[in-house]
Amino acid sequence: MELILLGIGGILGSGVYVLTGSVAKDIAGPAVTISYMIACFPTLLAAICFAEFSVRIPQTGSAYIYTYVTIGEVWAFVVGWIFTLDICVGNAASVRTISGYIDELIGSKIRNFTLEYIAGGPINHPPFSQYPDLCALFVVIMITIILAMGISISVKITSLFTCVSLCVMLFISCMGFYLSDIKNWKTEGGFAPYGFSGIISGAVSCVYSYTGFDVITTASEETRNPTKSVPIAICVSLVVVMLVYVTVSVTLTLMVPYYDIQPDASFAAVFQQHGFVWAKYTVGIGAVCGVGISVFINTICISRIIYVMAVDGLLFPALARIEQCNQVPVVATVTCSAFSAMLAVFLDTDFLVKCKSVGCLAGYIITSACVLILRYRPIRNNDSITENGSIAAAHEDNPLLGQTTSSCTAADRALNYVLSVGVFKHITHGKLPGLAILLMTIFMLTLSAVINFGTDSWNPWAICIAIVLGLAVIICFTVISMHKQEGTRLKFQVGSRNTTT
(Lines give C-alpha, C1' and ligand atoms only; values in the text may rest on other atoms or scores of the structure.)
Protein backbone atom coordinates (compact mmCIF):
# COMPACT_ATOMS: atom_id res chain seq x y z
CA MET A 1 0.00 0.00 0.00
CA GLU A 2 2.85 2.42 0.78
CA LEU A 3 4.34 1.84 -2.69
CA ILE A 4 0.95 2.40 -4.34
CA LEU A 5 0.48 5.69 -2.50
CA LEU A 6 4.04 6.68 -3.38
CA GLY A 7 3.39 5.95 -7.04
CA ILE A 8 0.08 7.81 -7.09
CA GLY A 9 1.72 10.79 -5.40
CA GLY A 10 4.57 10.79 -7.93
CA ILE A 11 2.30 10.50 -10.98
CA LEU A 12 -0.85 12.34 -9.98
CA GLY A 13 -0.99 16.09 -9.83
CA SER A 14 1.01 17.36 -12.77
CA GLY A 15 -1.32 15.89 -15.38
CA VAL A 16 -4.50 17.18 -13.77
CA TYR A 17 -3.37 20.75 -13.25
CA VAL A 18 -0.75 21.16 -16.00
CA LEU A 19 -2.01 19.33 -19.07
CA THR A 20 -5.77 18.92 -18.96
CA GLY A 21 -6.59 22.55 -19.72
CA SER A 22 -3.97 23.15 -22.41
CA VAL A 23 -4.56 19.86 -24.27
CA ALA A 24 -8.35 20.28 -24.15
CA LYS A 25 -8.21 23.83 -25.50
CA ASP A 26 -5.47 23.69 -28.15
CA ILE A 27 -4.99 20.05 -29.18
CA ALA A 28 -7.83 17.56 -28.62
CA GLY A 29 -10.91 19.37 -27.32
CA PRO A 30 -13.26 17.32 -25.12
CA ALA A 31 -11.66 14.20 -26.64
CA VAL A 32 -8.78 14.77 -24.21
CA THR A 33 -10.40 11.94 -22.23
CA ILE A 34 -9.60 9.55 -25.11
CA SER A 35 -6.08 10.96 -25.31
CA TYR A 36 -5.52 10.10 -21.65
CA MET A 37 -6.65 6.51 -22.24
CA ILE A 38 -4.41 6.08 -25.28
CA ALA A 39 -1.40 7.60 -23.49
CA CYS A 40 -1.80 5.19 -20.59
CA PHE A 41 -1.23 2.07 -22.74
CA PRO A 42 2.39 2.64 -23.92
CA THR A 43 3.27 4.03 -20.52
CA LEU A 44 1.94 0.86 -18.88
CA LEU A 45 4.10 -1.27 -21.21
CA ALA A 46 7.17 0.79 -20.30
CA ALA A 47 6.24 0.52 -16.62
CA ILE A 48 6.13 -3.29 -16.89
CA CYS A 49 9.67 -3.21 -18.29
CA PHE A 50 10.76 -1.10 -15.33
CA ALA A 51 9.04 -3.56 -13.00
CA GLU A 52 10.96 -6.51 -14.50
CA PHE A 53 14.23 -4.71 -14.04
CA SER A 54 13.38 -3.60 -10.52
CA VAL A 55 12.85 -7.15 -9.28
CA ARG A 56 16.11 -8.24 -10.90
CA ILE A 57 18.13 -5.29 -9.59
CA PRO A 58 16.66 -3.82 -6.39
CA GLN A 59 19.16 -0.96 -6.38
CA THR A 60 18.90 2.83 -6.39
CA GLY A 61 19.42 4.34 -9.85
CA SER A 62 16.28 3.41 -11.79
CA ALA A 63 16.78 3.44 -15.59
CA TYR A 64 20.43 4.40 -15.27
CA ILE A 65 21.38 1.27 -13.34
CA TYR A 66 19.24 -0.93 -15.61
CA THR A 67 21.02 0.34 -18.72
CA TYR A 68 24.38 0.03 -16.97
CA VAL A 69 23.73 -3.67 -16.40
CA THR A 70 22.52 -4.42 -19.91
CA ILE A 71 24.50 -2.43 -22.47
CA GLY A 72 27.29 -0.82 -20.51
CA GLU A 73 28.54 2.44 -19.09
CA VAL A 74 28.31 4.68 -22.15
CA TRP A 75 24.61 4.11 -22.79
CA ALA A 76 23.96 4.28 -19.05
CA PHE A 77 25.52 7.73 -19.04
CA VAL A 78 23.22 8.79 -21.91
CA VAL A 79 20.10 7.39 -20.25
CA GLY A 80 21.04 8.92 -16.92
CA TRP A 81 21.31 12.35 -18.50
CA ILE A 82 18.06 11.86 -20.43
CA PHE A 83 16.15 11.16 -17.23
CA THR A 84 17.98 13.92 -15.36
CA LEU A 85 17.02 16.55 -17.93
CA ASP A 86 13.56 15.00 -18.26
CA ILE A 87 12.78 15.34 -14.56
CA CYS A 88 14.30 18.83 -14.33
CA VAL A 89 12.14 19.98 -17.26
CA GLY A 90 9.09 18.36 -15.66
CA ASN A 91 9.77 20.09 -12.36
CA ALA A 92 10.07 23.41 -14.19
CA ALA A 93 6.66 22.91 -15.82
CA SER A 94 5.17 21.90 -12.46
CA VAL A 95 6.47 24.91 -10.53
CA ARG A 96 5.21 27.21 -13.29
CA THR A 97 1.79 25.64 -12.75
CA ILE A 98 2.05 26.26 -9.01
CA SER A 99 3.02 29.85 -9.76
CA GLY A 100 0.06 30.24 -12.10
CA TYR A 101 -2.42 29.05 -9.49
CA ILE A 102 -0.91 31.25 -6.77
CA ASP A 103 -1.10 34.24 -9.09
CA GLU A 104 -4.70 33.36 -9.97
CA LEU A 105 -5.66 33.27 -6.29
CA ILE A 106 -4.33 36.80 -5.66
CA GLY A 107 -5.79 38.34 -8.79
CA SER A 108 -2.77 38.14 -11.17
CA LYS A 109 -0.88 40.72 -9.11
CA ILE A 110 2.48 38.96 -9.57
CA ARG A 111 2.06 38.84 -13.33
CA ASN A 112 0.99 42.47 -13.61
CA PHE A 113 3.82 43.67 -11.35
CA THR A 114 6.45 41.72 -13.31
CA LEU A 115 5.16 42.92 -16.68
CA GLU A 116 5.06 46.55 -15.58
CA TYR A 117 8.18 46.98 -13.46
CA ILE A 118 10.59 44.18 -14.47
CA ALA A 119 9.92 42.97 -18.02
CA GLY A 120 8.56 46.29 -19.31
CA GLY A 121 5.87 44.48 -21.28
CA PRO A 122 5.17 40.97 -22.60
CA ILE A 123 7.99 39.07 -24.30
CA ASN A 124 6.54 37.57 -27.48
CA HIS A 125 9.42 35.31 -28.46
CA PRO A 126 8.49 31.62 -28.04
CA PRO A 127 9.59 29.35 -26.45
CA PHE A 128 10.37 32.05 -23.86
CA SER A 129 7.60 32.99 -21.46
CA GLN A 130 5.93 36.39 -21.69
CA TYR A 131 7.58 37.48 -18.45
CA PRO A 132 10.17 36.12 -15.97
CA ASP A 133 8.26 33.93 -13.51
CA LEU A 134 9.78 35.03 -10.20
CA CYS A 135 7.08 33.26 -8.20
CA ALA A 136 8.25 29.94 -9.73
CA LEU A 137 11.79 30.77 -8.60
CA PHE A 138 10.53 31.35 -5.05
CA VAL A 139 8.66 28.01 -5.10
CA VAL A 140 11.79 26.13 -6.19
CA ILE A 141 13.86 27.76 -3.44
CA MET A 142 11.31 26.81 -0.76
CA ILE A 143 11.10 23.19 -1.96
CA THR A 144 14.90 22.91 -2.05
CA ILE A 145 15.21 24.21 1.50
CA ILE A 146 12.64 21.69 2.76
CA LEU A 147 14.36 18.79 0.97
CA ALA A 148 17.75 19.84 2.34
CA MET A 149 16.36 19.68 5.88
CA GLY A 150 16.01 15.91 5.70
CA ILE A 151 13.87 13.12 4.31
CA SER A 152 11.69 12.85 7.43
CA ILE A 153 10.38 16.41 7.10
CA SER A 154 9.86 15.92 3.36
CA VAL A 155 7.83 12.75 3.95
CA LYS A 156 5.58 14.50 6.48
CA ILE A 157 4.91 17.42 4.16
CA THR A 158 4.32 15.09 1.22
CA SER A 159 1.81 13.04 3.22
CA LEU A 160 -0.06 16.19 4.22
CA PHE A 161 -0.12 17.46 0.63
CA THR A 162 -1.37 14.07 -0.60
CA CYS A 163 -4.37 14.12 1.74
CA VAL A 164 -5.26 17.68 0.74
CA SER A 165 -4.87 16.92 -2.98
CA LEU A 166 -7.09 13.83 -2.87
CA CYS A 167 -9.82 15.72 -1.01
CA VAL A 168 -9.71 18.56 -3.53
CA MET A 169 -9.88 16.17 -6.50
CA LEU A 170 -12.95 14.55 -4.98
CA PHE A 171 -14.43 18.02 -4.60
CA ILE A 172 -13.63 18.87 -8.24
CA SER A 173 -15.35 15.71 -9.47
CA CYS A 174 -18.51 16.26 -7.42
CA MET A 175 -18.83 19.97 -8.20
CA GLY A 176 -17.92 19.35 -11.84
CA PHE A 177 -20.73 16.87 -12.41
CA TYR A 178 -23.12 19.21 -10.59
CA LEU A 179 -22.24 22.09 -12.97
CA SER A 180 -21.91 19.91 -16.08
CA ASP A 181 -23.79 20.60 -19.29
CA ILE A 182 -23.76 18.09 -22.14
CA LYS A 183 -24.20 20.97 -24.61
CA ASN A 184 -20.54 21.85 -24.10
CA TRP A 185 -19.64 18.67 -26.01
CA LYS A 186 -21.75 19.72 -28.99
CA THR A 187 -20.37 23.19 -29.72
CA GLU A 188 -18.07 24.04 -32.66
CA GLY A 189 -16.85 20.66 -33.78
CA GLY A 190 -18.48 18.47 -31.19
CA PHE A 191 -16.61 16.00 -29.00
CA ALA A 192 -13.49 15.83 -31.22
CA PRO A 193 -13.13 19.23 -32.91
CA TYR A 194 -9.52 18.58 -33.94
CA GLY A 195 -10.25 15.14 -35.37
CA PHE A 196 -8.33 11.90 -34.94
CA SER A 197 -4.97 13.63 -35.43
CA GLY A 198 -5.80 15.91 -32.51
CA ILE A 199 -6.59 12.93 -30.30
CA ILE A 200 -3.25 11.28 -31.16
CA SER A 201 -1.33 14.54 -30.71
CA GLY A 202 -3.04 14.97 -27.38
CA ALA A 203 -2.05 11.45 -26.37
CA VAL A 204 1.61 12.27 -27.13
CA SER A 205 1.43 15.28 -24.82
CA CYS A 206 -0.50 13.31 -22.18
CA VAL A 207 2.40 10.85 -21.84
CA TYR A 208 3.91 13.53 -19.60
CA SER A 209 1.03 13.12 -17.14
CA TYR A 210 1.92 9.46 -16.47
CA THR A 211 5.59 10.02 -15.71
CA GLY A 212 6.77 9.48 -12.18
CA PHE A 213 6.07 5.76 -11.78
CA ASP A 214 9.81 5.09 -11.79
CA VAL A 215 9.89 6.49 -8.25
CA ILE A 216 8.45 3.11 -7.23
CA THR A 217 11.41 1.29 -8.77
CA THR A 218 13.75 3.72 -7.05
CA ALA A 219 12.27 2.63 -3.72
CA SER A 220 12.51 -1.10 -4.51
CA GLU A 221 15.77 -1.36 -2.56
CA GLU A 222 13.85 -0.65 0.65
CA THR A 223 10.98 -3.03 -0.24
CA ARG A 224 10.65 -6.35 1.58
CA ASN A 225 9.22 -8.33 -1.35
CA PRO A 226 9.98 -6.36 -4.55
CA THR A 227 9.27 -9.34 -6.83
CA LYS A 228 5.58 -9.11 -5.97
CA SER A 229 4.95 -5.64 -4.58
CA VAL A 230 6.74 -3.48 -7.18
CA PRO A 231 4.87 -4.74 -10.31
CA ILE A 232 1.54 -4.61 -8.49
CA ALA A 233 2.21 -1.09 -7.21
CA ILE A 234 3.19 0.19 -10.66
CA CYS A 235 0.16 -1.27 -12.46
CA VAL A 236 -2.36 -0.26 -9.78
CA SER A 237 -0.93 3.26 -9.58
CA LEU A 238 -1.20 3.81 -13.34
CA VAL A 239 -4.76 2.46 -13.53
CA VAL A 240 -5.94 4.61 -10.59
CA VAL A 241 -4.29 7.71 -12.04
CA MET A 242 -5.83 7.05 -15.48
CA LEU A 243 -9.31 6.87 -13.92
CA VAL A 244 -8.71 10.14 -12.09
CA TYR A 245 -7.46 11.87 -15.25
CA VAL A 246 -10.44 10.70 -17.28
CA THR A 247 -12.87 11.80 -14.56
CA VAL A 248 -11.47 15.30 -14.11
CA SER A 249 -11.10 15.88 -17.88
CA VAL A 250 -14.75 14.88 -18.38
CA THR A 251 -15.90 17.27 -15.66
CA LEU A 252 -13.76 20.14 -16.98
CA THR A 253 -14.99 19.90 -20.58
CA LEU A 254 -18.61 19.50 -19.43
CA MET A 255 -18.46 22.61 -17.23
CA VAL A 256 -17.28 24.98 -19.96
CA PRO A 257 -16.73 24.89 -23.77
CA TYR A 258 -13.21 23.79 -24.60
CA TYR A 259 -12.36 27.08 -26.34
CA ASP A 260 -13.11 29.06 -23.16
CA ILE A 261 -10.72 27.05 -20.96
CA GLN A 262 -7.86 28.99 -19.38
CA PRO A 263 -4.81 26.69 -19.67
CA ASP A 264 -2.67 28.08 -16.83
CA ALA A 265 -5.29 27.68 -14.07
CA SER A 266 -8.13 25.89 -15.76
CA PHE A 267 -10.17 24.55 -12.83
CA ALA A 268 -9.92 27.69 -10.72
CA ALA A 269 -10.98 29.86 -13.65
CA VAL A 270 -13.92 27.57 -14.51
CA PHE A 271 -15.37 27.74 -11.00
CA GLN A 272 -14.96 31.50 -11.02
CA GLN A 273 -16.87 31.69 -14.31
CA HIS A 274 -19.75 29.82 -12.68
CA GLY A 275 -19.78 32.25 -9.75
CA PHE A 276 -18.21 29.95 -7.17
CA VAL A 277 -15.37 32.24 -6.11
CA TRP A 278 -14.81 30.31 -2.89
CA ALA A 279 -14.34 27.12 -4.94
CA LYS A 280 -11.56 28.85 -6.85
CA TYR A 281 -9.51 29.14 -3.68
CA THR A 282 -10.20 25.50 -2.75
CA VAL A 283 -9.02 24.29 -6.16
CA GLY A 284 -5.99 26.58 -6.04
CA ILE A 285 -4.86 25.14 -2.71
CA GLY A 286 -5.38 21.61 -4.04
CA ALA A 287 -3.38 22.41 -7.17
CA VAL A 288 -0.48 23.78 -5.17
CA CYS A 289 -0.46 20.68 -2.97
CA GLY A 290 -0.98 18.18 -5.81
CA VAL A 291 1.70 19.57 -8.10
CA GLY A 292 3.99 20.18 -5.13
CA ILE A 293 3.90 16.46 -4.32
CA SER A 294 5.25 15.54 -7.75
CA VAL A 295 8.02 18.15 -7.49
CA PHE A 296 9.05 16.82 -4.06
CA ILE A 297 9.09 13.18 -5.15
CA ASN A 298 10.75 13.79 -8.53
CA THR A 299 13.50 15.87 -6.95
CA ILE A 300 14.22 13.13 -4.43
CA CYS A 301 14.29 10.56 -7.27
CA ILE A 302 16.61 12.53 -9.56
CA SER A 303 18.99 13.41 -6.75
CA ARG A 304 19.44 9.68 -6.13
CA ILE A 305 20.17 9.01 -9.80
CA ILE A 306 22.75 11.81 -9.89
CA TYR A 307 24.27 10.50 -6.67
CA VAL A 308 24.68 6.99 -8.15
CA MET A 309 26.18 8.37 -11.36
CA ALA A 310 28.65 10.43 -9.32
CA VAL A 311 29.60 7.38 -7.24
CA ASP A 312 30.31 5.51 -10.50
CA GLY A 313 32.63 8.32 -11.60
CA LEU A 314 30.41 9.58 -14.45
CA LEU A 315 29.75 12.94 -12.78
CA PHE A 316 31.68 15.26 -10.50
CA PRO A 317 32.61 13.69 -7.12
CA ALA A 318 31.02 16.60 -5.27
CA LEU A 319 27.60 15.39 -6.41
CA ALA A 320 28.14 12.16 -4.45
CA ARG A 321 28.54 14.00 -1.17
CA ILE A 322 26.09 12.98 1.56
CA GLU A 323 25.53 15.33 4.47
CA GLN A 324 26.05 13.42 7.72
CA CYS A 325 23.48 15.46 9.65
CA ASN A 326 20.49 14.49 7.50
CA GLN A 327 21.79 11.84 5.05
CA VAL A 328 20.70 13.93 2.04
CA PRO A 329 22.77 14.53 -1.15
CA VAL A 330 22.44 18.29 -0.76
CA VAL A 331 24.80 19.22 -3.63
CA ALA A 332 22.91 17.02 -6.10
CA THR A 333 19.56 18.33 -4.87
CA VAL A 334 20.61 21.98 -5.13
CA THR A 335 22.11 21.43 -8.61
CA CYS A 336 18.89 19.90 -9.96
CA SER A 337 16.76 22.59 -8.36
CA ALA A 338 18.94 25.39 -9.76
CA PHE A 339 18.60 24.03 -13.29
CA SER A 340 14.83 23.58 -12.89
CA ALA A 341 14.51 27.13 -11.54
CA MET A 342 16.35 28.57 -14.54
CA LEU A 343 14.03 26.75 -16.95
CA ALA A 344 10.91 27.71 -15.00
CA VAL A 345 11.77 31.42 -14.91
CA PHE A 346 12.41 31.91 -18.63
CA LEU A 347 10.61 29.17 -20.65
CA ASP A 348 6.94 28.71 -21.49
CA THR A 349 4.91 25.91 -19.91
CA ASP A 350 3.73 24.40 -23.21
CA PHE A 351 7.30 24.16 -24.51
CA LEU A 352 8.45 22.51 -21.28
CA VAL A 353 5.63 19.94 -21.49
CA LYS A 354 6.58 19.01 -25.07
CA CYS A 355 10.25 18.60 -24.13
CA LYS A 356 9.25 16.51 -21.14
CA SER A 357 7.20 14.13 -23.30
CA VAL A 358 10.03 13.65 -25.81
CA GLY A 359 12.51 12.89 -23.02
CA CYS A 360 10.14 10.37 -21.46
CA LEU A 361 9.63 8.51 -24.73
CA ALA A 362 13.38 8.38 -25.44
CA GLY A 363 14.21 7.01 -22.00
CA TYR A 364 11.39 4.48 -22.06
CA ILE A 365 12.38 3.22 -25.53
CA ILE A 366 15.97 2.54 -24.46
CA THR A 367 14.92 0.85 -21.20
CA SER A 368 12.36 -1.34 -22.97
CA ALA A 369 14.93 -2.38 -25.57
CA CYS A 370 17.31 -3.31 -22.74
CA VAL A 371 14.77 -5.88 -21.49
CA LEU A 372 14.90 -7.70 -24.83
CA ILE A 373 18.68 -7.47 -25.04
CA LEU A 374 19.04 -8.94 -21.56
CA ARG A 375 16.69 -11.82 -22.33
CA TYR A 376 18.64 -12.87 -25.42
CA ARG A 377 22.09 -12.50 -23.87
CA PRO A 378 24.00 -15.79 -24.34
CA ILE A 379 26.05 -17.75 -21.83
CA ARG A 380 29.79 -17.15 -22.11
CA ASN A 381 32.33 -19.95 -22.20
CA ASN A 382 34.18 -18.49 -19.23
CA ASP A 383 31.18 -18.73 -16.93
CA SER A 384 31.84 -20.51 -13.65
CA ILE A 385 29.58 -22.76 -11.60
CA THR A 386 28.68 -21.46 -8.15
CA GLU A 387 28.14 -23.51 -5.04
CA ASN A 388 24.36 -23.57 -5.44
CA GLY A 389 24.58 -24.93 -8.98
CA SER A 390 23.87 -21.72 -10.89
CA ILE A 391 26.20 -20.17 -13.43
CA ALA A 392 28.06 -16.96 -12.64
CA ALA A 393 29.20 -15.02 -15.70
CA ALA A 394 32.50 -13.19 -15.65
CA HIS A 395 31.48 -10.12 -17.67
CA GLU A 396 34.04 -7.40 -17.37
CA ASP A 397 32.01 -4.92 -19.36
CA ASN A 398 28.87 -5.48 -17.28
CA PRO A 399 30.01 -6.30 -13.73
CA LEU A 400 26.45 -6.28 -12.41
CA LEU A 401 25.47 -9.28 -14.49
CA GLY A 402 25.27 -12.09 -12.00
CA GLN A 403 23.86 -15.59 -12.28
CA THR A 404 22.76 -17.06 -15.59
CA THR A 405 20.98 -20.27 -16.45
CA SER A 406 19.98 -21.73 -19.80
CA SER A 407 17.59 -24.36 -21.09
CA CYS A 408 18.45 -24.31 -24.79
CA THR A 409 17.73 -27.57 -26.61
CA ALA A 410 19.75 -29.05 -29.45
CA ALA A 411 17.21 -27.74 -31.95
CA ASP A 412 17.53 -24.24 -30.52
CA ARG A 413 21.31 -24.37 -30.80
CA ALA A 414 21.03 -25.60 -34.37
CA LEU A 415 18.66 -22.75 -35.21
CA ASN A 416 21.02 -20.22 -33.69
CA TYR A 417 23.83 -21.75 -35.74
CA VAL A 418 21.86 -21.41 -38.98
CA LEU A 419 21.10 -17.77 -38.19
CA SER A 420 24.80 -17.10 -37.53
CA VAL A 421 26.26 -18.30 -40.84
CA GLY A 422 26.76 -16.53 -44.13
CA VAL A 423 26.76 -12.77 -43.87
CA PHE A 424 26.42 -13.04 -40.07
CA LYS A 425 29.21 -15.54 -39.52
CA HIS A 426 31.57 -12.93 -38.11
CA ILE A 427 29.00 -11.78 -35.53
CA THR A 428 29.52 -13.13 -32.04
CA HIS A 429 26.98 -15.73 -31.00
CA GLY A 430 23.98 -14.05 -29.43
CA LYS A 431 24.73 -10.61 -30.87
CA LEU A 432 22.32 -11.10 -33.78
CA PRO A 433 19.17 -10.59 -31.62
CA GLY A 434 20.71 -7.44 -30.18
CA LEU A 435 21.46 -6.15 -33.69
CA ALA A 436 17.90 -6.98 -34.75
CA ILE A 437 16.51 -5.11 -31.73
CA LEU A 438 18.58 -2.04 -32.58
CA LEU A 439 17.53 -2.08 -36.24
CA MET A 440 13.87 -2.68 -35.36
CA THR A 441 13.91 0.33 -33.03
CA ILE A 442 15.42 2.56 -35.73
CA PHE A 443 12.97 1.31 -38.36
CA MET A 444 9.98 1.85 -36.06
CA LEU A 445 11.03 5.41 -35.22
CA THR A 446 11.56 6.18 -38.92
CA LEU A 447 8.22 4.62 -39.80
CA SER A 448 6.48 6.76 -37.19
CA ALA A 449 8.09 9.90 -38.63
CA VAL A 450 7.05 8.96 -42.18
CA ILE A 451 3.46 8.26 -41.11
CA ASN A 452 3.29 11.52 -39.16
CA PHE A 453 4.83 13.86 -41.71
CA GLY A 454 4.65 12.14 -45.09
CA THR A 455 1.18 10.64 -45.43
CA ASP A 456 -0.97 13.77 -45.07
CA SER A 457 -1.38 14.05 -48.85
CA TRP A 458 -0.87 10.30 -49.45
CA ASN A 459 2.14 10.77 -51.69
CA PRO A 460 3.16 7.52 -53.45
CA TRP A 461 6.76 7.82 -52.28
CA ALA A 462 5.69 8.14 -48.64
CA ILE A 463 3.42 5.09 -48.91
CA CYS A 464 6.19 3.02 -50.52
CA ILE A 465 8.69 4.01 -47.84
CA ALA A 466 6.16 3.19 -45.12
CA ILE A 467 5.56 -0.27 -46.62
CA VAL A 468 9.30 -0.99 -46.89
CA LEU A 469 9.93 0.11 -43.31
CA GLY A 470 6.96 -1.96 -42.10
CA LEU A 471 8.38 -5.06 -43.79
CA ALA A 472 11.79 -4.35 -42.26
CA VAL A 473 10.22 -4.18 -38.80
CA ILE A 474 8.47 -7.51 -39.39
CA ILE A 475 11.73 -9.15 -40.54
CA CYS A 476 13.61 -7.90 -37.47
CA PHE A 477 10.82 -9.10 -35.20
CA THR A 478 10.92 -12.53 -36.90
CA VAL A 479 14.68 -12.81 -36.40
CA ILE A 480 14.29 -11.97 -32.71
CA SER A 481 11.44 -14.44 -32.23
CA MET A 482 13.41 -17.31 -33.82
CA HIS A 483 16.08 -17.10 -31.13
CA LYS A 484 15.83 -18.84 -27.81
CA GLN A 485 15.54 -16.64 -24.77
CA GLU A 486 18.11 -17.29 -22.09
CA GLY A 487 16.79 -17.87 -18.58
CA THR A 488 18.86 -15.07 -17.12
CA ARG A 489 18.82 -14.04 -13.49
CA LEU A 490 20.61 -11.10 -11.96
CA LYS A 491 22.15 -11.25 -8.53
CA PHE A 492 23.11 -7.88 -7.16
CA GLN A 493 24.72 -7.21 -3.82
CA VAL A 494 23.51 -3.92 -2.35
CA GLY A 495 26.35 -1.45 -1.99
CA SER A 496 28.61 -3.22 -4.46
CA ARG A 497 29.12 -3.15 -8.21
CA ASN A 498 30.69 -6.61 -8.22
CA THR A 499 29.26 -10.00 -9.08
CA THR A 500 28.61 -12.21 -6.08
CA THR A 501 29.19 -15.92 -6.39
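The values are calculated or read from the model by the stated rules, or taken from the named source; none is laboratory data. A quick note: this is a predicted structure, and the numbers were derived from the prediction, not measured. No Cβ is skipped: glycine too gets one built from the backbone with ideal geometry, and neighbour counts run over all protein chains shown. All accessible areas refer to the heavy atoms of the entire protein, side chains included, with ligands and DNA or RNA removed. Shrake-Rupley method; radii C 1.70, N 1.55, O 1.52, S 1.80 Å.
Sort 93-101, 237-245 for me by packing, meaning the mean count of neighbouring Cβ atoms within 10 Å per residue, highest on top.
Going by the mean number of other Cβ atoms within 10 Å, highest first, we get 93-101, 237-245.
Rounded to the nearest whole Å², what accessible area per residue is found for the range 19-151 with the 1.4 Å probe? Don't jump to the answer; show the numbers that get you there.
On the way: 4970 Å² over 133 residues.
The answer is 37 Å² per residue.
Students often forget the sequence filter, so: which lysines lie under 19 Å Cα-Cα from Lys109 once same-chain residues fewer than 8 apart are removed?
Of all the lysines, those that pass the test against Lys109 - Cα under 19 Å, at least 8 places apart if same chain - are Lys280.
With a 1.4 Å probe and all protein chains kept in place, how much accessible area does Leu166 have, in Å² rounded to the nearest 10?
90
Tally up the carbon and sulfur contribution to the accessible surface of the range 253-319 as a whole percent, 1.4 Å probe, everything protein left in place.
The nonpolar share, carbon plus sulfur, comes to 63 percent.
Excluding same-chain residues fewer than 8 positions from Lys186, which lysines have a Cα within less than 16 Å of its Cα?
The qualifying lysines are Lys25.
For Asn326 and Ser108, compute 0.36 nm times the residue count separating them, minus their Cα-Cα distance, and round to one decimal in nm. Could you put the intermediate results ahead of the total?
On the way: separation 218, 0.36 × 218 = 78.48 nm, distance 3.81 nm.
Additional length available on full extension: 74.7 nm.
Straight-line reach only, C-alpha to C-alpha below 16 angstrom: list the lysines that Lys431 could link to, leaving out same-chain residues fewer than 8 apart.
Within the straight-line limit of under 16 Å, Lys431 reaches these lysines: Lys484.
Answer rounded, prolate or oblate for the range 61-207, using the Cα gyration tensor with square roots of eigenvalues a ≥ b ≥ c: rounded when a/c is under 1.5, else prolate when a/b is larger than b/c, else oblate.
rounded
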